[in-house]
Amino acid sequence: MRQPLLRPQLARSLAASALAITAIACQTAQAQAQADGPMRGQPPMANVVNLSASAAQEVAQDLLTIVLSTTRDGSDAAAVQTQLKQALDAALSTAKSQALAGAMDVRTGAFSLYPRYDRSGKINGWNGSTELVLEGKDFSRISSTAGKVQGLTVQQVGFSLSRDAREKLEAEVQGRAVAQFRAKASELAKQFGFASYSLREVHVGSADQVQAPRPRMMAMEAKLTMSADMALPTEAGKATVGVTVSGSVVLGR
């Protein structure tokens, strides 16, 4: 049997569609080849230099955090929870009377209640703990308040750099790192016999380093022997904020 012939208009439409698909495929292949050129052995861009520059500054930590905690245990979960709540309420009452926004902020920390098991795997009691957190920039206010709180003992003392201080210092250090990167790029251009350079790629990263383990240990040990009204001894350490600028430049005539 003879196959029916395609109409002329339909044939021309199919041919045009095939040509369009072929053109799109060629354009896609060409774009992919250009993107993958360096990976396929094509020569990289000429006169490109990779370099990096860093700047750092040390500053005293300005934020003190003291975590106070207490534990309770008993045979009844509700009774243990009530005891923890009473201890936390009393501590909060004392701490909030000394609170001042920014200077010393008061907040509750972890509150946990979990069963205790005997050798046969049965519950024979309940253990619980609660925390109170004092944090701020007024070290004297925070340490004296920690000494006044009754029923809770110091679990942790930590120093850090506040967000506003870190952001301000990071902006200053970043400016120095960028200036060093530009100066190094200009010097390299001159050394290689070029008149100028242009940025090809750049990355900016920051990191903080903390140095204050010893004062924390001293503060925690002192809490064990001081009287109720004695301020907790504290001493802030140092923090170093560093910024690194790295990337590549294209040397030009």
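Could you tell me which numbered condition M45 fails, if it satisfies all but one of (1) under 30 Å from Q156 (Cα atoms); (2) of a type in the set (A, V, I, L, M, F, W, C); (3) modelled with pLDDT under 95?
Every listed condition holds for M45 apart from (1).
So which residues in the stretch 173-196 are surrounded by 16 or more Cβ atoms within 10 Å (Cβ to Cβ) and farther than 29 Å from A56 by Cβ?
The answer is F194, and nothing else.
Please determine, by comparing only the residues of the stretch 148-172 that are crowded, with 17+ Cβ neighbours inside 10 Å and β-branched (V, I, T), which one is nearest to E135 (Cα to Cα).
Step by step, filter the stretch 148-172, then rank; the result is V157.
Quick check, is V157 farther than 30 Å from T108 by Cα, under 21 Å from the mean Cα position of the chain (by Cα) and either part of a strand (DSSP E or B) or among the basic types (K, R) (or both)?
No; evaluated as a whole, the condition is false for this residue.
Do we have L152 as in contact with a Gly (Cβ under 9 Å, 6 or more places away or on another chain) and either under 23 Å from K85 (Cα atoms) or of a type in the set (V, I, T) (or both) here?
So L152 does not fit the description; no.
Select from the stretch 51-93 the residues that are among the β-branched types (V, I, T) and surrounded by fewer than 17 Cβ atoms within 10 Å (Cβ to Cβ) and list them in ascending order.
V59, T65, T71, T82
Do we find that V67 is over 31 Å from the mean Cα position of the chain (by Cα), within 30 Å of E170 (Cβ to Cβ) and not polar (S, T, N, Q) in this structure?
So V67 fails the test.
Yes/no per residue for (1) touching a Lys or Arg at 6+ places or on another chain (Cβ under 6 Å); (2) at pLDDT below 90; (3) assigned to a strand (DSSP E or B):
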{"position": "A171", "(1), (2), (3)": "no, no, no"}
{"position": "A179", "(1), (2), (3)": "no, no, no"}
{"position": "L188", "(1), (2), (3)": "no, no, no"}
{"position": "L199", "(1), (2), (3)": "no, no, yes"}
{"position": "G205", "(1), (2), (3)": "no, no, yes"}
{"position": "P233", "(1), (2), (3)": "no, yes, no"}
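Hey, can you tell me all the residues within the stretch 117-128 that are surrounded by fewer than 18 Cβ atoms within 10 Å (Cβ to Cβ) and touching a Ser or Thr at 6+ places or on another chain (Cβ under 9 Å)?
N124, G125, N127
Scanning for something basic (K, R) and assigned to a helix (DSSP H, G or I), does the stretch 111-120 turn up at least one residue?
Checked the stretch 111-120: no residue is basic (K, R) and assigned to a helix (DSSP H, G or I).
Just the residues that are farther than 18 Å from V154 by Cα and among the aliphatic types (A, V, I, L, M), please, taken from the stretch 100-135.
Across the stretch 100-135, the qualifying residues are L100, A101, A103, L113, I123.
For the stretch 127-143, state whether one or more residues are of a type in the set (S, T, N, Q), under 28 Å from A239 (Cβ atoms), modelled with pLDDT under 95 and in a strand (DSSP E or B).
Among the residues of the stretch 127-143, not one is of a type in the set (S, T, N, Q), under 28 Å from A239 (Cβ atoms), modelled with pLDDT under 95 and in a strand (DSSP E or B), which makes the answer no.
On the given criteria, is T108 surrounded by fewer than 19 Cβ atoms within 10 Å (Cβ to Cβ), in a helix (DSSP H, G or I) and either at pLDDT below 95 or of a type in the set (S, T, Y) (or both)?
no
The values are calculated or read from the model by the stated rules, or taken from the named source; none is laboratory data. Keep in mind that what you see is a predicted model, and the values were worked out from it rather than measured. Because the Cβ atoms are built from the backbone with ideal geometry, glycine has one as well, and the counts that use them run over all protein chains shown.
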